[in-house]
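Peer 1: Mind looking over this structure? Questions follow.
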Amino acid sequence: MDWVFLSELAINGALTGLLYSLFAIGLVLVYKASSVPNLAQGGLTMVGAYVVLALARDLGMPLWLAIPLAAVVMFGLGFGIERVALRRLAGRPVVMILMLTLGLDIFLRGTTLAISGGTSRSMELGVSYEPLLLGDIFISRIHLVGAGVALALFVAFIVFFRTRTGIKLRAIADDYMASWSVGISVERGVGLSWALASVVAVAAGVIWGEIQGVDQALSLLLLKGLTVAVLGGLDSILGAIVAGIILGVIENVGAEFLDPLVGGGSRELIVAAVLILTVMIRPHGLFGRHDIERV
Amino acid sequence: MQEKAQGQSILSMNSIEVLYDNVMLAIKGVSVQVPKGGMVALLGSNGAGKSTTLKAISGLLKAERGHISRGEIKFDGTDITEMLAQKRVEMGICHVIEGRRVFEHLTPDENLTAAAPMGMSRSELSVQKDKIYDYFPRLAERRNSQAGYLSGGEQQMLAIGRALVTQPSLLMLDEPSLGLAPFLVAEIFGILQKINREEGLSVLLVEQNALAALEIVSEGYLIENGRVVMHGTAEALKSNSDIQEFYLGGGEGTNFHNVKHYSRRKRWLS
Ligand SMILES: Nc1ncnc2c1ncn2[C@@H]1O[C@H](COP(=O)(O)OP(=O)(O)O)[C@@H](O)[C@H]1O
Ligand SMILES: [Mg+2]
């Protein structure tokens, strides 16, 4: 066994995994407030990338301005989604909200297709494609940057959930009725969680857009992001980080050994196996909340 | 004259009717007055309409697809019948809902923080918390554990403390004694009485445990089948023969007791 090669696979897998985490954090934010996996997170990520491109390419802004401005726009869009669509569904079965997010995803994909067409555009962040050499190990710079962004967001949200607003959001996640009873605006809280998820979508959209180009395929990140979120426990930010690393490593290392045996395509099989096994064996994921037995 | 009478009630609920799902008439013209600084009990058996009455006052009906189809509610002279629940909390009405629904995954300290109005300063919040921990020393001890693992009594104290952070002038409690040992009920009711005396907090207390409730309130209403069937001072209610028999009597209601209860109750309904 070549340990250097194995470490390279593991480290690059972990970095890719953190990019899945970056996506999954958005899913967790919405799940915490609405108890529904947001199937539109892929669509939002794609729109986030398109908005950055629109500001940077079409309006000629520098990226350092276009990205934060896109975050502001998406923050507003997140609030808007709650106001226009979700609020009407309050009190309806969760499956209806789930279907709404699916519809939203289709809508967002259709809209970008209509406006920007289907040809892939490049993000051009200016990060060098020259790999970084760490000892004997080659590491992709953009993956390293993305992993850093994921960890920075992780820390930011851990801090945020200790502020008064963050605590109110966690209260909403616990009990809508009790929240209303002490004057917490559940509607605004749900809106805020969508707004934050939309900002996370910009970060994921920029990084993933740089890696694979900006087109409708960005929305397909949902599948891996959802797998990571489920493995992490759906409502745990820490879970999303740890699960991302785990999935990334298993996928990268596993595919290296399995691909020669099955003749390629084993990455998808590994992701599918992780999702199915998690749901079957550990439905609350690694760090998911169990409902506390009443004493 | 009339204005003066209005000024003495912090809450004045007149002939309120509530419909759930546009069809189910849950209360049928309930009128309740709570004097400023007073303690009032709403008594009655299961399904009578007590919780619905509180939800009509706090605005939480909307969350259960209920609405007020007739009557009006005035709080401190202002018509609040159509007001949003959140606005009512800001005005000073807080409803401790049935079943001590604390935020289970938060600590007691975070439960208190969650209820703090956004405009309340940090220092003011910590003053409020200290006051609440003084009233409920048991909570102070466990302020950083997970609220879901507190005992039933502690959770009820936390639910009350959490309501107090909103700085209400009217506190409404829905069956706070349910499932608690008598010594805990006595402790919690004692604290409520103390807060009422020291801070002039008006209290509207819903209870099936009439014996305990009538010890601390000055007046009470008996609700049956969506209507007020009796209203009087605590002394008058305690000495009323029907109340004695059905709510204060035999203590642990035996089956026999319940049978009698139902046959006699018809008298009020006719
Ligand atoms: N959310 C609801 N939807 C429909 N009917 C309800 C709802 N809540 C209560 N009811 C009905 O309204 C009546 C009064 O209930 P409630 O106010 O909870 O009584 P209490 O608190 O005195 O036990 C009951 O007949 C009950 O079944
Ligand atoms: Mg009730």
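Peer 1: Return the residues of the stretch A:113-167 that are of a type in the set (Ser, Thr, Tyr) and either assigned to a strand (DSSP E or B) or modelled with pLDDT of 95 or more (or both); say none if nothing qualifies. Lay out the reasoning, then the answer.
Peer 2: Here is the first cut: in the stretch A:113-167, the ones of a type in the set (Ser, Thr, Tyr) are A:116, A:119-120, A:122, A:128-129, A:140, A:163, A:165.
Passing the criteria: A:Thr163, A:Thr165.
Peer 1: Just one of (1) over 27 Å from A:Tyr129 (Cβ atoms); (2) out of contact with any Phe, Trp or Tyr (no Cβ under 7 Å at 6 or more places or on another chain); (3) charged (D, E, K, R) trips up A:Asp235, so point out which.
Peer 2: Evaluating A:Asp235 over (1) over 27 Å from A:Tyr129 (Cβ atoms); (2) out of contact with any Phe, Trp or Tyr (no Cβ under 7 Å at 6 or more places or on another chain); (3) charged (D, E, K, R) leaves (2) as the failure.
Peer 1: With the requirement that a residue be more than 13 Å from every other protein chain (Cβ to nearest Cβ), of a type in the set (A, V, I, L, M) and not in a loop (DSSP other than H, G, I, E, B), what does the stretch B:70-96 give you?
Peer 2: B:Ile73
Peer 1: Can you tell me which residue within the stretch B:48-86, out of those that are more than 8 Å from ligand 1 (Cβ to nearest atom) and of a type in the set (S, T, N, Q), is nearest to the chain's Cα centre (by Cα)?
Peer 2: Out of the qualifying residues, it is B:Ser58.
Peer 1: Return the residues of the stretch A:206-232 that are farther than 23 Å from A:Leu275 by Cα and not acidic (Asp, Glu); say none if nothing qualifies.
Peer 2: Of the residues in the stretch A:206-232, the ones farther than 23 Å from A:Leu275 by Cα are A:206-207, A:209-216.
Within the stretch A:206-232, A:Val206, A:Ile207, A:Gly209, A:Ile211, A:Gln212, A:Gly213, A:Val214, A:Gln216 meet the criteria.
Peer 1: Now, a different point. Across the stretch B:155-185, what is the number of residues that are more than 17 Å from B:Tyr135 (Cβ to Cβ), within 12 Å of the chain's Cα centre (by Cα) and either away from ligand 1 (no atom under 16 Å from the Cβ) or of a type in the set (Asp, Glu) (or both)?
Peer 2: 3
Peer 1: On the basis of being in contact with a Gly (Cβ under 8 Å, 6 or more places away or on another chain), within 16 Å of ligand 2 (Cβ to nearest atom) and closer than 30 Å to B:Leu125 by Cα, does B:Lys55 make the cut?
Peer 2: On the way: in contact with a Gly (Cβ under 8 Å, 6 or more places away or on another chain): yes; within 16 Å of ligand 2 (Cβ to nearest atom): yes; closer than 30 Å to B:Leu125 by Cα: yes.
Yes.
Peer 1: Please go through (1) in a helix (DSSP H, G or I); (2) buried (at least 22 other Cβ atoms within 10 Å of the Cβ); (3) of a type in the set (A, V, I, L, M) for B:Ala140 and return the number of the only condition it doesn't satisfy.
Peer 2: (2)
Peer 1: State all residues of the stretch B:29-47 that are within 12 Å of ligand 1 (Cβ to nearest atom) and assigned to a loop (DSSP other than H, G, I, E, B); if no residue qualifies, say none. Break it down into steps so the answer makes sense when it comes.
Peer 2: First, the residues of the stretch B:29-47 that are within 12 Å of ligand 1 (Cβ to nearest atom): B:30, B:42-47.
B:Gly44, B:Ser45, B:Asn46, B:Gly47, listed by residue number.
Peer 1: Go through the stretch A:103-122 and give me each residue that's out of contact with any Lys or Arg (no Cβ under 9 Å at 6 or more places or on another chain) and surrounded by 15 or more Cβ atoms within 10 Å (Cβ to Cβ).
Peer 2: Initially, the stretch A:103-122 is screened for residues out of contact with any Lys or Arg (no Cβ under 9 Å at 6 or more places or on another chain), giving A:103-120, A:122.
Across the stretch A:103-122, the qualifying residues are A:Leu104, A:Asp105, A:Leu108, A:Arg109, A:Thr112, A:Ser116.
Peer 1: Since B:Glu90 meets every condition but one in (1) touching a helix residue (DSSP H, G or I) at 6+ places or on another chain (Cβ under 7 Å); (2) of a type outside the set (Ser, Thr, Tyr); (3) away from ligand 1 (no atom under 16 Å from the Cβ), which condition does it not meet?
Peer 2: (1) is the only condition that B:Glu90 fails.
Peer 1: Report, by residue number, each residue of the stretch B:107-118 that is over 13 Å from B:Ile160 (Cβ atoms) and either touching a residue at least 60 places away in the same chain (Cβ under 8 Å) or away from chain A (no Cβ under 11 Å) (or both). Spell out the reasoning first.
Peer 2: Going through the stretch B:107-118, the residues over 13 Å from B:Ile160 (Cβ atoms) turn out to be B:107, B:109-110, B:113-114, B:116-118.
Answer for the stretch B:107-118, where residues must be over 13 Å from B:Ile160 (Cβ atoms) and either touching a residue at least 60 places away in the same chain (Cβ under 8 Å) or away from chain A (no Cβ under 11 Å) (or both): there is none.
Peer 1: I've got another one for you. Mind checking which residues of the stretch A:243-268 are closer than 28 Å to A:Asp174 by Cα and either outside any helix (DSSP H, G or I) or touching a Leu at 6+ places or on another chain (Cβ under 6 Å) (or both)?
Peer 2: A:Ala243, A:Gly244
Peer 1: I'd like the residue in the stretch B:194-208 that is under 13 Å from the mean Cα position of the chain (by Cα) and not aliphatic (A, V, I, L, M) and, out of all such residues, is modelled with the highest pLDDT. Step through it out loud before you land on a result.
Peer 2: Kept after step one, since they are under 13 Å from the mean Cα position of the chain (by Cα), are these residues of the stretch B:194-208: B:201-208.
Now narrow it down to the ones that are not aliphatic (A, V, I, L, M): B:202, B:207-208.
Working: B:Ser202: 98, B:Glu207: 94, B:Gln208: 89.
Only one residue tops the list, namely B:Ser202.
Peer 1: Scan the stretch A:197-215 and give yes if some residue there is part of a helix (DSSP H, G or I), aromatic (Phe, Trp, Tyr) and modelled with pLDDT under 95, otherwise no. Spell out how you get there, then give the answer.
Peer 2: At the first step, the residues of the stretch A:197-215 found to be part of a helix (DSSP H, G or I) are A:197-212.
Then keep just the ones that are aromatic (Phe, Trp, Tyr); that gives A:208.
Retained after the next criterion (residues that are modelled with pLDDT under 95): none.
Looking for residues that are part of a helix (DSSP H, G or I), aromatic (Phe, Trp, Tyr) and modelled with pLDDT under 95, one finds none in the stretch A:197-215, hence no.
Peer 1: Could you please let me know if B:His67 is facing chain A (nearest Cβ under 9 Å) and not in a helix (DSSP H, G or I)?
Peer 2: Numbers: facing chain A (nearest Cβ under 9 Å): no; not in a helix (DSSP H, G or I): yes.
Here the answer is no, as B:His67 does not meet what is asked.
Peer 1: Follow-up question, since we're still on this one. What single numbered condition from (1) more than 9 Å from chain A (Cβ to nearest Cβ); (2) outside any helix (DSSP H, G or I); (3) under 30 Å from B:Ile243 (Cα atoms) fails to hold for B:Gly153?
Peer 2: If we test B:Gly153 against (1) more than 9 Å from chain A (Cβ to nearest Cβ); (2) outside any helix (DSSP H, G or I); (3) under 30 Å from B:Ile243 (Cα atoms), just (2) comes out false.
Peer 1: Follow-up question, since we're still on this one. When the stretch B:65-97 is examined, which residues are found to be under 30 Å from A:Thr163 (Cβ atoms) and of a type in the set (D, E, K, R)?
Peer 2: Looking only at the stretch B:65-97, we keep the residues that are under 30 Å from A:Thr163 (Cβ atoms), and these are B:83-97.
Within the stretch B:65-97, B:Lys87, B:Arg88, B:Glu90 meet the criteria.
Peer 1: Within the stretch B:94-103, does at least one residue satisfy the condition of being more than 15 Å from ligand 2 (Cβ to nearest atom), touching a residue at least 12 places away in the same chain (Cβ under 8 Å) and either surrounded by fewer than 16 Cβ atoms within 10 Å (Cβ to Cβ) or under 30 Å from B:Asn22 (Cβ atoms) (or both)?
Peer 2: Of all residues in the stretch B:94-103, those more than 15 Å from ligand 2 (Cβ to nearest atom) come to B:94, B:102-103.
Subset that is touching a residue at least 12 places away in the same chain (Cβ under 8 Å): B:94, B:102-103.
Still in the running and either surrounded by fewer than 16 Cβ atoms within 10 Å (Cβ to Cβ) or under 30 Å from B:Asn22 (Cβ atoms) (or both): B:94.
There is at least one residue in the stretch B:94-103 that is more than 15 Å from ligand 2 (Cβ to nearest atom), touching a residue at least 12 places away in the same chain (Cβ under 8 Å) and either surrounded by fewer than 16 Cβ atoms within 10 Å (Cβ to Cβ) or under 30 Å from B:Asn22 (Cβ atoms) (or both).
Peer 1: State which residue is farthest from ligand 2 (Cβ to nearest atom) when the search covers only the stretch B:28-51 and only residues that are away from chain A (no Cβ under 14 Å) and polar (S, T, N, Q). First the steps, then the outcome.
Peer 2: Just the residues of the stretch B:28-51 that are away from chain A (no Cβ under 14 Å), to begin with: B:28-50.
Going one step further and asking which of them are polar (S, T, N, Q), we end up with B:31, B:33, B:45-46.
Working: B:Ser31: 19, B:Gln33: 21, B:Ser45: 10, B:Asn46: 7 Å.
For the stretch B:28-51, the residue satisfying everything is B:Gln33.
Peer 1: Applying the selection to the stretch A:29-76, what residues are assigned to a loop (DSSP other than H, G, I, E, B), over 25 Å from A:Ile158 (Cβ atoms) and over 12 Å from the mean Cα position of the chain (by Cα)?
Peer 2: A:Leu59, A:Gly60, A:Met61, A:Pro62
Peer 1: Here are the criteria: (1) touching a residue at least 60 places away in the same chain (Cβ under 8 Å); (2) more than 18 Å from the chain's Cα centre (by Cα); (3) surrounded by fewer than 16 Cβ atoms within 10 Å (Cβ to Cβ). Tell me which single one A:Gly213 does not satisfy.
Peer 2: Exception for A:Gly213: condition (2).
The values are calculated or read from the model by the stated rules, or taken from the named source; none is laboratory data. The structure displayed is predicted, hence computed values, not measured ones. Methodologically, a virtual Cβ is constructed for each residue, glycine included, from the backbone with ideal geometry; neighbour enumeration extends over all protein chains shown.
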